[in-house]
Number of protein chains: 2
Amino acid sequence: MPRTAQYDRQAALQAAIALFWRRGYYATSLKDIERELDMRPGSLYSAFGSKQGLFVEALDAYTATMADDVQNHIAASGGVLSGVMAYLRWLLLGQKCPALAATPACMVVKTLLESTGDEDPLRGKATELLRRVELGFTAALEQAKSAGELRPDVDCERLARLLQTQVMGVRSFAQSGASERQLKQLLEDIEQVFLSYRQAH
Amino acid sequence: MPRTAQYDRQAALQAAIALFWRRGYYATSLKDIERELDMRPGSLYSAFGSKQGLFVEALDAYTATMADDVQNHIAASGGVLSGVMAYLRWLLLGQKCPALAATPACMVVKTLLESTGDEDPLRGKATELLRRVELGFTAALEQAKSAGELRPDVDCERLARLLQTQVMGVRSFAQSGASERQLKQLLEDIEQVFLSYRQAH
DNA sequence: AACATACTTGAGCAATCACTCAAAAAAACG
DNA sequence: CGTTTTTTTGAGTGATTGCTCAAGTATGTT
């Protein structure tokens, strides 16, 4: 009996991701959102509740996509460390140029850094998601250690944090407009960081 | 004959740094600024021109202070790489707890990441300042190479970018609420990164 | 076709945004 | 003390903020 919704929720979320990723939370107005998602306030608020609700949902979806991308590169590459490096190369050097080249920095990190204090719910959400990614890294590293890719004495939780720090660092650095050649060198240098964690054969 | 200004420009700038560092540019309102700097609109606008003018001046002052801190630690530590590590330890583990522990992330990086696009003047300013810091690193590394601290084949510009990436990474990671123990381990691990660049004796 | 049940629309809400400016106040001179 | 010069004040600018809601519109069922 009811009328079916006109908009595509997933498409709207993708548009929201692109918009918030580029402009951040506080600098994005509802006018921007209405224009970019092609939705009017009534539809927006019945679908997502509030600007913050939409943002959180977009951030969750972004993180899920990112985690998938990382896992796919790990699987395709065979090793965890080489997989993450492959992911970074794909992300920063790939032909995803137009959209991503402008915003190589991680949306979660952007959110963490634009949060206004400890009480800001955005900070809580961002740290929660970072912790989730970190746990994913840890699990993948544990598995790699069992498979003999890593030295048996490696502390996987610790290495996961180093790994995450590297990813946060390069992606932020890439935002400052480095050339492709500089990024390539940087990724090489970072790859060296992980050399000592590998199991010698 | 004229009336002398009541406010202290340097004190006002310090307050602006603290405020913008914590809350970012877009999420900070003029009401916040009036309260925190204890200045009314007229004084603010005669002194700094605009919200953006005040922000840029604060960001410049922040960067100058940060560069001083780094240089001091390099001088006190004897080596460039050990100096930067000492700076990070002082920044992230020192007793600067209350104010800084809440905002370990670099204000310039926060600005870079909260900028809304390539046309955003904030992004230009942030990249310019990062470039300046990078050049400072390069110069210090060149000097260190001449002094025999670094291997003669080290590409100093390249190492400077790696160094900056590490600093950006840890400081951002620290914002996500890591424990002191985790930070300590992370700094140890990062120190290992630079080991291979040192000149053997 | 007529009804019921949504969804979409856009005008409009109070609050806040960055900012202006005329008037009041205060210092340095005579 | 009075004059001059500058700063400080705070009410007020139009525009925009996130958001609401009644009216209009479209769909699926009977």
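Against the definition (in contact with a Leu (Cβ under 7 Å, 6 or more places away or on another chain), open to solvent by 50 Å² or more (accessible area, probe 1.4 Å), closer than 19 Å to B:L122 by Cβ and not in a loop (DSSP other than H, G, I, E, B)), how does B:E36 come out, yes or no?
no
Under 23 Å from A:M168 (Cα atoms), in a helix (DSSP H, G or I) and either more than 10 Å from chain A (Cβ to nearest Cβ) or out of contact with any Lys or Arg (no Cβ under 8 Å at 6 or more places or on another chain) (or both), is that true of B:A139?
Against the criterion (under 23 Å from A:M168 (Cα atoms), in a helix (DSSP H, G or I) and either more than 10 Å from chain A (Cβ to nearest Cβ) or out of contact with any Lys or Arg (no Cβ under 8 Å at 6 or more places or on another chain) (or both)), B:A139 does not qualify.
Pairs please, first residue from the stretch B:119-141 and of a type in the set (A, V, I, L, M, F, W, C), second anywhere and at pLDDT below 95 and surrounded by fewer than 20 Cβ atoms within 10 Å (Cβ to Cβ), Cβ atoms under 8 Å, 6+ apart in sequence or on different chains.
Pairs found: none.
Output yes when any residue across the stretch B:16-26 is free of Cβ contacts under 8 Å to residues at least 60 places away in the same chain and within 8 Å of DNA strand C (Cβ to nearest atom), and no when none is.
no
Output the residue which, of all residues in the stretch A:49-59 that are out of contact with any Phe, Trp or Tyr (no Cβ under 6 Å at 6 or more places or on another chain) and near DNA strand D (Cβ under 9 Å from one of its atoms), is most open to solvent (accessible area, probe 1.4 Å).
Once the filter is applied, the top-ranked residue is A:Q52.
Kindly indicate whether any position in the stretch A:93-105 is more than 9 Å from every other protein chain (Cβ to nearest Cβ) and buried (at least 23 other Cβ atoms within 10 Å of the Cβ).
no
A quick yes/no check of all residues on (1) closer than 28 Å to B:F173 by Cα; (2) at pLDDT below 95:
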position	(1), (2)
B:E34	no, no
B:P41	no, no
B:K51	no, no
B:F55	yes, no
B:Y62	yes, no
B:V84	yes, no
B:K96	yes, yes
B:K110	yes, no
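Can you name the residue in the stretch B:117-152 that is of a type in the set (S, T, N, Q) and buried (at least 18 other Cβ atoms within 10 Å of the Cβ) and, of all such residues, is farthest from B:E191 (Cα to Cα)?
Only one residue tops the list, namely B:T127.
Which one is nearest to the other protein chains (Cβ to nearest Cβ) among residues in the stretch B:153-189 that are open to solvent by 30 Å² or more (accessible area, probe 1.4 Å) and part of a loop (DSSP other than H, G, I, E, B)?
Step by step, filter the stretch B:153-189, then rank; the result is B:G177.
If a residue must be more than 10 Å from chain B (Cβ to nearest Cβ) and closer than 20 Å to A:S172 by Cα, how many such residues does the stretch A:112-136 contain?
Counting residues in the stretch A:112-136 that are more than 10 Å from chain B (Cβ to nearest Cβ) and closer than 20 Å to A:S172 by Cα gives 3.
Does B:T65 satisfy being exposed (fewer than 15 other Cβ atoms within 10 Å of the Cβ) and of a type in the set (V, I, T)?
Here the answer is yes, as B:T65 does meet what is asked.
Can we say B:L44 is under 25 Å from the mean Cα position of the chain (by Cα), part of a helix (DSSP H, G or I) and within 10 Å of DNA strand D (Cβ to nearest atom)?
yes
Can you work out which of the residues in the stretch B:6-30 that are within 13 Å of DNA strand D (Cβ to nearest atom) and within 14 Å of chain A (Cβ to nearest Cβ) is most open to solvent (accessible area, probe 1.4 Å)?
Once the filter is applied, the top-ranked residue is B:Y26.
Considering B:Q199, B:Q192, which residue is free of Cβ contacts under 8 Å to residues at least 24 places away in the same chain and open to solvent by 10 Å² or more (accessible area, probe 1.4 Å)?
Only one candidate passes the filter, namely B:Q192.
Does the stretch B:82-90 contain any residue that is basic (K, R), surrounded by 13 or more Cβ atoms within 10 Å (Cβ to Cβ) and farther than 23 Å from B:L112 by Cβ?
Yes, the conditions are met somewhere in the stretch B:82-90.
Between a residue in the stretch B:175-186 that is within 14 Å of A:D155 (Cα to Cα) and any residue that is open to solvent by 50 Å² or more (accessible area, probe 1.4 Å) and part of a helix (DSSP H, G or I), which pairs come within a Cβ distance under 6 Å, given they are 6 or more apart or on different chains?
So the pair list comes out as B:Q185/A:R158.
The values are calculated or read from the model by the stated rules, or taken from the named source; none is laboratory data. Bear in mind that the values here come from a model prediction, so they are computed numbers and not experimental data. Ideal geometry is used to build each Cβ from the backbone, glycine not excepted, and the neighbour counts take in all protein chains shown. When the accessible area is computed, the model is the full protein with side chains, heavy atoms only, and any ligands, DNA or RNA have been set aside. Shrake-Rupley method; radii C 1.70, N 1.55, O 1.52, S 1.80 Å.
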